[in-house]
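Q: Below you will find the structure I want to go over with you.
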Amino acid sequence: MIGKKIAELRKQKGYTLSELAEKTKISKSYLSNIERNLNKNPSLAIIKRIAKVLDVDLMTLLKNETNHNTNQYVEKEWADFIKELKDIGVEKDQLKQYKTLIEFIKWKNQNK
């Protein structure tokens, strides 16, 4: 849950809820609702602001810690998808940007 992770990181950094709200320019009540998972779908812009102030990568907040895939082979569908990306001109160094967007969309869909 993103709210739990934000609260955990906030406390690790030594910020009160009020301090984080002020630094991110987010209302204290809205931030509190996010942390208590009453607001399960904050915008990407809000999550980015929180990540920046907490000095963590956006993916740190969005990552589902129980999602560990230990498969070492690549399924044909994934290989085909990667080939399509390459065919349309997506470079390897651009993949991190696309990954962040895909992770956000996945997270958003899980929390509807």
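The values are calculated or read from the model by the stated rules, or taken from the named source; none is laboratory data. No experiment lies behind these values; they were computed from the predicted model shown. So basically every Cβ, Gly included, is an ideal-geometry build from the backbone, and we count neighbours across all protein chains shown.
Q: Among the candidates Lys108, Lys11, which residue alone is without any contact (Cβ under 8 Å) to a residue 12 or more places away in the chain and surrounded by 11 or more Cβ atoms within 10 Å (Cβ to Cβ)?
A: Being without any contact (Cβ under 8 Å) to a residue 12 or more places away in the chain and surrounded by 11 or more Cβ atoms within 10 Å (Cβ to Cβ) holds for just one of Lys108, Lys11, which is Lys11.
Q: Are there helices (runs of 4 or more DSSP H) fully within the stretch 1-109 with at least 1 residues that are more than 18 Å from the chain's Cα centre (by Cα) and at pLDDT 85 or above? List them.
A: 2-13, 17-24, 28-35, 76-87
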